Amino acid sequence: MKRKGQVFVLCFLVLAILAGGGFAQQKTLRVLLANHPYMEVLRPLIAEYEKQTGTKVNVESYDENQLTQKLTTEFATRSSTMDVFMTRPLQEGKLFFKNGWYENLSPYLKDSKKTPASYNFADYAASAVSAVTHKNDVYTIPLVTEWEVLYYRTDLFKKANLAPPKNFDELIAAAKKLHDPKNGVYGIVSRGQRGAAVTQFSSYLYNYGGDFIQEGKGAVVDTPQAIEAFKFYGRMLAEYGPPGVTNMSWAQCMAVFQAGNVAMWTDASVFLGNLKDPSKSKVADNVGVAMFPAGPKGNSPYSVVSWGMAVSRQSKNKDEAYKFLLWATSREIAVKAMVDKGITMARTSVWKDPGVQKKFDPQLADTAIKVGPIGKPYDRPLMTAVGEARDAIGEVIVLSIETKGTGDIAGAAKKAVQKVNELLKNAGEL
Amino acid sequence: MLDSRFVDRHIRILFPLPALLFIAIMMVFPILYTFSLSFTTWNLASGMPPRFVGLNTYIEVLKEPRFWAAMGRTFYFTFLAVGCETILGMIWALILNREFFGKEGIKLLLLLPLVSTPVAIGIAWVLFYEPTIGLANWALKSLGLMPLKWIADQNTVIPSLVLVDIWQWTPMMTLIFLAGLASLSPEPYESARVDGANGWQIFWHITVPMVVPIILTGIVLRSIDAFKTYDIIYTMTNGGPGFASETLNIYAYNLSFNYFRFGHAAVVLFFLFLIVLSFSFLVNRLKDRGHG
C-alpha cells in the first residue's frame with residue numbers, strides 16, 4: 001500500500017511539472033539587450049511600460065559579442081522564444097537578414113493602425129535608414145549612431161601649449177610631445193586587439209585614401225594607400241602607445257585613459273559620459289573631445305548606426321513585440337538617453353530638443369554637426385562573414401604594431417585580401 | 001497506474017535510470033552530434049542549412065595553416081605546463097613527505113589556487129601582467145631586471161599563460177605524488193639502508209621506480225586537462241595578441257561562435273578529442289609496462 005502511495009505521488013509531481021507551462025496567462029515578452037549605455041537608460045523605464053500595458057517584459061542583457069552568439073545560436077536552432085532584441089546592423093545585419101531572423105518591419109511601418117503618426121519614422125536620416133534596409137525593406141529601427149572622435153586631456157594640452165590636432169602630422173607631433181612614459185603618460189592609445197581594432201582603424205584607412213572592399217573587385221586592403229595607413233597606425237601605437245596595446249579593445253583603452261595614463265585616444269563617440277564621470281575617471285574634469293584629424297587624403301571618419309532594435313521573425317507575439325519596439329525607440333526615450341547619458345541617438349529631431357541643447361556636451365555636438373556631411377556609413381567591411389574578415393584584417397594591424405610598421409605589411413595585407421575574398425565568394429558576395 | 005511489483009522487479013534498472021539518461025543526454029548525444037556535424041559544411045554566413053560533404057571539411061581544416069599553428073601551440077602549452085608541474089610537484093611532495101613544523105599550514109596554503117575560480121584567476125593575472133602598472137613588472141624592476149610585456153607579446157604570451165597554469169595546478173600534482181609517497185611500503189627502504197645505500201641512491205633506485213605509476217597517472221590527468229585549457233586563455237588573451245595564444249579549443253570556439261562555421265569547429269574538436277584519447281591510451285600502456 002505504502003509503495004503504491006509513493007508511485008502515485010511521483011505521477012502527480014510529473015503531471016504538475018508538465019502542466020506548469022499552462023498557468024501563465026499574462027502576455028509576456030522576452031527582450032535581449034546589449035550592455036550599452038542605452039540599456040542603462042531603458043531598463044529602469046520598463047516597469048512603467050509593464051504597468052501601462054499589462055505586458056510582462058523579461059529582460060536579459062549581454063556583452064556585445066556574447067549577444068551576437070546568443071542570438072545566433074538561438075535563432076539557428078529555430079526554437080527561439082525571443083521577441084525583441086538589440087542588434088548591430090553592420091556586424092550581423094547581413095547574416096541575420098540572409099538567414100531570415102529579422103521580421104520585416106516595412107509592412108508595420110506603412111500600416112497607420114500599427115504605427116501612429118506621432119512615432120514619426122521620417123525622423124531618422126536617410127543614411128541611417130539605408131544601413132538597416134535590405135532589398136528595399138526596413139528590418140531594424142536605428143537606435144544609436146557613433147562616429148570616430150579624438151578624446152584628449154585638456155590639462156596636458158594646455159600645459160604643452162597645444163591645440164587639438166587637425167591632421168595626422170599634428171597628431172603625431174602632439175603624441176610625441178606628450179609622450180612621457182617615465183611619468184606614466186603615453187602619447188596616444190587606440191585599439192590594437194586583432195578583430196576589435198579594425199573598426200577604429202577604419203577612419204585612418206579612409207583618411208589615407210584606402211577602403212575595405214570595392215564593389216565588384218573584392219577586398220582592397222592591399223593598395224598602397226591601405227598599406228601606408230597600416231604602417232602609420234602601427235608606428236604611432238608602437239612609438240607613442242602604452243605597452244601591451246595589441247591586447248587592448250575599447251574597455252582597456254578606456255581604462256588607461258580614465259587612469260590618466262594617456263594623453264589622447266581615438267575611438268567611438270559614445271564613451272565621453274564614462275570619461276567625464278568622476279566616480280569612474282581620475283581625469284573627469286580634464287577631458288576634451290575633438291573631430292577625428294584629417295589624413296593625407298582629406299577627412300572622412302566613419303559615422304555609423306552602431307546599434308538598432310529588431311523584432312524576431314520567430315516571435316509568437318509579433319504585434320506585442322512591435323508595440324514594445326515603438327515604445328523603446330520613441331523620441332521621449334531618445335531625448336532622455338541624450339540628456340542623462342550623453343548617448344548619440346539616431347533620431348535627428350532630438351538634437352533640436354531644448355533639454356538636449358542645454359545639457360549635451362557642446363564639443364561632442366560640434367563633432368556631430370561636422371561629421372554629418374563627411375562621414376562614411378561603415379566602419380568595417382560590409383559583408384556577411386564580418387567576424388572572420390575582421391580577424392584577418394586585424395592580423396595586419398597587429399603585425400604593424402609589433403614591427404613598428406616595418407614588417408612585411410604588404411605581404412600580410414595580400415594574405416588578408418585573399419582570406420576576405422574567399423569569405424565573400426563563399427557567401428556569394430563576390 | 002504503475003504496478004508496484006513492476007517497480008520491485010526492475011528496481012535495478014529504475015534507480016540508476018535518471019543518471020543514465022542524464023549522461024546520455026548531456027554527454028553521449030553532444031559527442032555523437034559533434035561527430036556527425038564534422039561531416040557537414042554548415043556556414044551560417046552563406047545562409048544555407050548544414051550539408052553533408054563527407055570528409056571535405058576534414059580536408060579543408062587540415063589545409064588551414066591556422067589549424068596547424070593552433071595544434072602546435074596546444075602541444076607547446078601542454079608539455080611546458082605539465083613538465084614544469086611534474087618536476088615542481090615532485091619537489092614539493094618530497095619536502096612535504098617529511099615531518100616538520102608548520103607542514104599542515106603549508107599544505108593548506110598549497111590548496112588555495114586549486115579551489116579558486118579559473119575566470120577570477122585569469123582576471124587577476126591580467127592585472128599582474130599589466131606592463132605599466134602590474135605587479136609582475138614591478139617585481140622585475142625591483143630586482144633590477146628588464147620589464148617584460150608578458151601576455152602582450154607574441155613571444156612571451158604562451159610561457160606567461162603556462163606560468164598561471166603552473167601556479168594553479170602544481171598543488172594538484174603535489175597532492176597526487178604525496179598520496180603516492182605515503183602509500184609506499186617501508187621495507188625496501190630499510191633493506192637499502194642496511195645495505196648501505198646513500199640518500200640519492202635510495203631516491204633514484206627505490207622511490208622513483210615505485211612512484212612511476214603514480215607520476216604517470218598525474219601526468220595523464222593533468223595533460224588531458226591542459227590540452228583542453230580554455231578558461232584562462234579566453235579571459236586573459238582571447239587567443240591574442242594576433243593569434244599567438246590561439247590553441248585548438250580557442251580556435252574551435254572562434255570558428256563556431258565568431259565565424260559561425262559549425263562543421264569546421266566540429267572537425268577541430270574531433271581532432272582535440274582524438275589527441276586526448278590517444279594520449280591517455282598511450283600513457284596507460286606505458287603504465288602497464290611499468291607494472292610488468
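The values are calculated or read from the model by the stated rules, or taken from the named source; none is laboratory data. Predicted, not measured: the structure shown is a model, and the values here were computed from it. A quick note on method: Cβ atoms are made from the backbone with ideal geometry, for glycine too, and the neighbour counts reach across all protein chains shown.
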Q | Residue list for the stretch A:197-217, restricted to those being touching a residue at least 24 places away in the same chain (Cβ under 8 Å), within 17 Å of A:Pro293 (Cα to Cα) and not in a helix (DSSP H, G or I) | A | A:Tyr208, A:Gly209
(Q) Looking at the stretch A:340-348, can you tell me whether even one residue there is more than 13 Å from chain B (Cβ to nearest Cβ), surrounded by 23 or more Cβ atoms within 10 Å (Cβ to Cβ) and among the basic types (Lys, Arg)? (A) yes
Q: Write out, first by first residue and then by second, each pair whose Cβ atoms fall under 7 Å of each other, whose residues are 6+ apart or on separate chains, and whose first residue, in the stretch B:43-65, is at the interface with chain A (Cβ under 10 Å from one of its Cβ atoms) while the second is in a strand (DSSP E or B) and of a type in the set (D, E, K, R).
A: B:Asn43/B:Arg261
Q: Could you tell me which of the residues B:Leu14, B:Leu32 is within 13 Å of chain A (Cβ to nearest Cβ) and aliphatic (A, V, I, L, M)?
A: B:Leu14
Q) Looking at (1) part of a helix (DSSP H, G or I); (2) buried (at least 24 other Cβ atoms within 10 Å of the Cβ); (3) within 18 Å of the chain's Cα centre (by Cα), which is the only condition A:Val149 fails? A) (1)
Q: Evaluate the following for B:Thr217: is it part of a helix (DSSP H, G or I) and modelled with pLDDT under 90?
A: yes
Q) Scanning the stretch A:102-115 for residues that are over 10 Å from A:Val311 (Cβ atoms) and not polar (S, T, N, Q), which turns out surrounded by the most Cβ atoms within 10 Å (Cβ to Cβ)? A) A:Leu109
Q: Scan the stretch A:367-408 for residues that are touching a residue at least 40 places away in the same chain (Cβ under 8 Å) and charged (D, E, K, R) and jot them down.
A: A:Lys370, A:Lys376, A:Asp379, A:Arg380, A:Arg390, A:Asp391, A:Glu395, A:Glu402, A:Lys404
Q: Answer yes if at least one residue in the stretch B:95-111 is among the aliphatic types (A, V, I, L, M), within 18 Å of the chain's Cα centre (by Cα), farther than 30 Å from A:Phe257 by Cα and outside any loop (DSSP other than H, G, I, E, B), and no otherwise.
A: yes
(Q) Is it the case, given these coordinates, that A:Phe75 is in a helix (DSSP H, G or I) and within 30 Å of B:Asn258 (Cβ to Cβ)? (A) yes
(Q) Can you find, within the stretch B:246-274, the residue that is modelled with the lowest pLDDT among those that are more than 21 Å from B:Ser36 (Cβ to Cβ) and at the interface with chain A (Cβ under 10 Å from one of its Cβ atoms)? (A) B:Asn258
Q) Among B:Ala93, B:Ala70, which is the only one that is closer than 21 Å to B:Pro171 by Cα and either at pLDDT 90 or above or not β-branched (Val, Ile, Thr) (or both)? A) B:Ala93
Q) Looking at the stretch A:93-108, is at least one residue under 19 Å from A:Thr329 (Cβ atoms), out of contact with any strand residue (DSSP E or B) (no Cβ under 6 Å at 6 or more places or on another chain) and more than 14 Å from chain B (Cβ to nearest Cβ)? A) yes
Q: Return yes when A:Lys182 is in the same structural domain as A:Asn207 (by TED's automatic domain parsing), out of contact with any Cys (no Cβ under 9 Å at 6 or more places or on another chain), surrounded by fewer than 18 Cβ atoms within 10 Å (Cβ to Cβ) and in contact (Cβ under 8 Å) with a residue 40 or more places away in the chain and no when it is not.
A: no
Q: Considering every residue within the stretch A:115-123, establish whether at least one is in the same structural domain as A:Thr344 (by TED's automatic domain parsing), in contact (Cβ under 8 Å) with a residue 40 or more places away in the chain, farther than 22 Å from B:Pro49 by Cα and touching a Phe, Trp or Tyr at 6+ places or on another chain (Cβ under 8 Å).
A: yes
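Here's the yes/no breakdown for (1) crowded, with 16+ Cβ neighbours inside 10 Å; (2) touching a Gly at 6+ places or on another chain (Cβ under 9 Å); (3) among the hydrophobic types (A, V, I, L, M, F, W, C):
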{"site": "B:Thr174", "(1), (2), (3)": "yes, yes, no"}
{"site": "B:Leu181", "(1), (2), (3)": "yes, no, yes"}
{"site": "B:Leu184", "(1), (2), (3)": "no, no, yes"}
{"site": "B:Gln201", "(1), (2), (3)": "no, no, no"}
{"site": "B:Val220", "(1), (2), (3)": "yes, no, yes"}
{"site": "B:Thr247", "(1), (2), (3)": "yes, yes, no"}
{"site": "B:Ser278", "(1), (2), (3)": "no, no, no"}
Q.
Give me the residue from the stretch A:236-274 that is under 15 Å from A:Ile401 (Cα atoms), of a type outside the set (Ser, Thr, Tyr) and at pLDDT 95 or above and, out of that set, surrounded by the most Cβ atoms within 10 Å (Cβ to Cβ).
A. A:Leu237
Q: Name the single residue, out of those in the stretch A:371-397 being assigned to a helix (DSSP H, G or I) and charged (D, E, K, R), that is surrounded by the fewest Cβ atoms within 10 Å (Cβ to Cβ).
A: A:Glu395
(Q) Restricting to the stretch A:106-122, name every residue that is assigned to a loop (DSSP other than H, G, I, E, B) and of a type in the set (Gly, Ala, Ser). (A) A:Ser112
**Q.** Every residue from the stretch A:224-249 that is under 25 Å from the mean Cα position of the chain (by Cα), part of a helix (DSSP H, G or I), within 14 Å of chain B (Cβ to nearest Cβ) and closer than 18 Å to A:Leu178 by Cβ
**A.** A:Leu237, A:Val245
(Q) Checking the condition modelled with pLDDT of 85 or more and in contact with a His (Cβ under 8 Å, 6 or more places away or on another chain), which residue from A:Phe75, A:Phe85, A:Phe97 passes? (A) A:Phe97
Q | Extreme residue, surrounded by the most Cβ atoms within 10 Å (Cβ to Cβ), among residues of the stretch A:398-420 that are in contact with a helix residue (DSSP H, G or I) (Cβ under 6 Å, 6 or more places away or on another chain), β-branched (Val, Ile, Thr) and more than 9 Å from chain B (Cβ to nearest Cβ) | A | A:Val420
Q: Look through A:Val287, A:Val220 and report the one residue that is surrounded by fewer than 20 Cβ atoms within 10 Å (Cβ to Cβ), in contact (Cβ under 8 Å) with a residue 60 or more places away in the chain, more than 14 Å from chain B (Cβ to nearest Cβ) and not acidic (Asp, Glu).
A: A:Val220
Q) How many residues does the stretch B:138-165 hold that are within 12 Å of chain A (Cβ to nearest Cβ), over 27 Å from the mean Cα position of the chain (by Cα) and modelled with pLDDT of 90 or more? A) 0
Q) Considering only the stretch A:421-430, how many residues are away from chain B (no Cβ under 12 Å) and part of a helix (DSSP H, G or I)? A) 1
Q: Could you tell me which of the residues B:Thr132, B:Thr86, B:Thr117, B:Thr78 is within 16 Å of the chain's Cα centre (by Cα), modelled with pLDDT under 90 and of a type in the set (Val, Ile, Thr)?
A: B:Thr117
